[in-house]
Structures are given as C-alpha cells and as structure tokens.
Amino acid sequence: MNLAELNKVAAAMVAPGRGILAADESTGTIKKRFDSLGVESTVDTRRDYREMLFRSADAMSKYISGVILYDETIRQNAKDGTPLVKLIEKTGALPGIKVDKGTKALPFCPGEVITEGLDGLRERLAEYRGLGAKFAKWRAVIDVGEHGLPSYSCVAANAHALARYAALCQDEGIVPIVEPEVLMDGSHDIDRCVEVTQWVLKETFQALFFNRVALEGMVLKPNMAVPGKKSAKRASVAEVAEKTLKVLKACVPAAVPGIAFLSGGQSDEEATAHLDAMNRMGALPWHVTFSYGRALQAAPQKAWSGKSANVAAAQRAFGHRAMMNGLAALGQWKADLERKAA
Ligand code: 13P
C-alpha cells in the first residue's frame, strides 16, 4: 500500500471549498428519478444527463473535487465519443466508482439489510483502477426502526463489510469512501439519530482498525444528526450542526483527512445550511464537506427534464448548487445568496 499516494487523493477529495458529486445512482434509482420527470430512462438518456453535468465546466472545475460513478457510466462515452471519465479528468475532478452491489435482506433480522459485493471485489477494483477510478464508495444502510432497531447483527455485519471493502480498496491503491448511512426515514427524534449514529460509527471504526485500514487514506461519508422525516419534533440548523459535530468528534479520529456528508433526503437548502453551520463552528480536526447526490442534482434534473434545449439552464442550476455547497464547505454561505439566484 502506498499510503502517501492514498492520502494525497483523500486530501484532494476534501480540498477546501470543494466536495464530491454523487452521480452513482444504480439503473433502478436513476429510473425512479427520471420517471418523476416523465423522462424515459435509457442508456442514451442516462448518458446525456450525466454528460450535461460533467460538461458544466465552471461548477466542475471550481467546486467539485470528485465524481462517484456507476459501473455503466465509468465505461460510457460522451456523444462525441470522448470517454466520460476523460471529461471529468479535464475539469480537474477525480473519477470514483460505486463498488457495492446494493442491499439484501439480512437473515433473521426483519426489516434490516446488509450491503453485498465483496466477492470478486479485488478483481473489480483492479479493473476500475484501469478505467481511471481513484476512489471508491460502499454504502451501508441502517434503519432506525420503531421497535428497537437497528439490531446488533445489522450494525456489526455492515461495519465488517465496510471494513473488508476499505482494506481491499487500499490494497489495490484506491481510496475508500466509507459510508455508513443511518436513514432519516421514520419518526424518531434527533437524539435517537445521534444515539444510533454514534453506535454505528464506533462499530465501523473498530472494524476498520481490526481490518488494518489506514485512516489517513480514507474518507468518511456519514449522515448528519437529523430527526426522522416523520418526526413531529423538528431541529434547528444550529441543533443539527452541534449534535452532528459532537457525535463525529466522539467517534472519528483526527487521522481521517475528511468527512463528506451524504444529503439523505434533506432539502437542497437544508443540506447546504447544515454544512455551512458546521464549518462556521470553528476549528475541526478534519475537512468537512459534501458528497451529495440528491441535494446537488434535484434542481438540475428538474431544469433539464430530458430536453437538449434545457441543457444550459440545467447547467446553471447545477452550477448554483455546486457553488452554494462549495461556500458551505468553507462556512461562507448565506441564505440570501439563494434568494438572489431564484
Ligand atoms: P444523497 O446525497 O442523495 O443521500 O446521495 C448520496 C449517496 O451517494 C448515497 O449513497
């Protein structure tokens, strides 16, 4: 393992004022997004949409440090025949790849899932490296249920899989994004989210240690501490920022170069405001930025709606969200910047 090289890539992924574009929706997930816009999901429409994002030169070169791709996309060419990976590299951003194979029901743990994809992973990582991937992503999913969920079995099995994946990545010269996502579905309050997030992070870092993962060569992609979507008890921006940082400081060693949050179903502006508030709270032991899927793409997707005539408007919408989140990663975002653009 060349840890200096891994650390350099990890540091670039969380460079000040930049964050990661999660464009790694599986074919099923992007179909759902396109369905809601009335756009047919085909190999070509998926290519056109993602090409539109990667050709947003201003957004990509100023605010995006890396792009997480899906298997189909890392092999795909733009309409003019240029590999999409080359378009990304030209902007200065790093190409990355989602390598997990999604979730399956966890036996004897009703309602809970385990992320699969370890079999053959070493070989797939070597191939992806050849295709230009500098980093990878694996997402574990933890549901905060009404009746005592998550179970120990679910938390431990997912932490173990994340750590096995991360070790394989580092051994193959690829920086792992370690993503243990505590879902914001459900009616639990913010304190229950904090409690579960703390447990999940403790288990994850213990598994990373036992699997000999070098913390300097990874990026953590956690959820923020937020109330469940159906919780009647809402939390202010300041409360989310404070509670999220408290749990991260208690669980994430300073050797980790950066934390890049998922948006997880927060609105675009909430995701930006929360990130900004954390970065305003003063000196943190790691860089704190975004690795957003929905919170970066909802606006450009809507503006695009499958029409080539809308490409410029969609790129403006993407540029705006990228800039807002780039500012939030520096603690320099202001709500009235949103109003001005609207
Ligand atoms: P969201 O920001 O939409 O949660 O997506 C990030 C991601 O990559 C989930 O795995």
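Nothing in this text is a laboratory measurement; each read-out follows from the coordinates by a stated rule. Note that this is a predicted model, so its numbers are computed, not measured. Please note: Cβ atoms are built from the backbone with ideal geometry, for glycine as well, and neighbour counts cover all protein chains shown.
Some points to look at:
- Working from the Cα coordinates of the stretch 1-46, the gyration tensor eigenvalues give, after taking √(5λ), semi-axes of 34, 13, 7 Å in decreasing order.
- Screening the chain for whole DSSP H helices of 27 Å or more along their axis (Cα) with average Kyte-Doolittle hydropathy at least 0.0 returns 152-171, 190-210.
- Over all distinct Cα-Cα pairs of the stretch 1-133, the Kirkwood formula returns a hydrodynamic radius of 16.3 Å.
- If you take all other residues with their beta carbon under 9 Å from the beta carbon of Val178, and give Lys and Arg +1 and Asp and Glu -1, the sum is +1.
- Residue separation of Lys229 and Lys104 scaled by 0.36 nm, minus their Cα-Cα distance, works out to 42.7 nm of gained length.
- For the stretch 35-129, the relative contact order is 22 percent, taking Cα pairs closer than 8 Å that sit 6 or more residues apart in sequence and dividing their mean separation by the residue count.
- Candidate aspartates and glutamates - alpha carbon under 19 Å from Lys90, same-chain residues fewer than 8 apart omitted: Asp48, Glu51, Asp58, Asp80
- Under 14 Å from Lys98, Cα to Cα: aspartates and glutamates that are on another chain or at least 8 residues apart: Asp24, Glu25, Asp71, Glu72, Glu116, Glu127, Glu179
- Each distinct pair of alpha carbons in the chain adds a 1/r term; the inverse of their mean, the Kirkwood radius, is 20.0 Å.
- Converting the Cα gyration tensor eigenvalues of the stretch 147-247 into ellipsoid dimensions via √(5λ) gives semi-axes, longest first, of 28, 15, 10 Å.
- Stretchable slack from Lys79 to Met1, in nm (0.36 nm times residue separation minus alpha-carbon distance): 24.4 nm
- Which listed pairs, of Lys101/Lys221; Lys221/Lys334; Lys31/Lys79, have C-alpha distances above 22 Å, in listed order: Lys221/Lys334
- Pairwise Cα inverse-distance average, inverted: Kirkwood Rh of the stretch 71-192 (Å): 16.0
- Here the Debye sum runs over all C-alpha atoms of the stretch 119-170 as equal scatterers in vacuum, and log10 of I(q)/I(0) at q = 0.13, 0.19, 0.20, 0.31 Å⁻¹ comes out as -0.42, -0.69, -0.73, -1.20.
- Cα→Cβ-extended label distance, 7 Å offset, between Val237 and Arg316, nm: 2.4
- Net length gained if the chain between Ser153 and Leu337 were fully extended (0.36 nm per residue, minus Cα distance): 61.7 nm
- Residue exposure sequence - Glu181, Glu116 - by fewest surrounding Cβ within 10 Å: Glu116, Glu181
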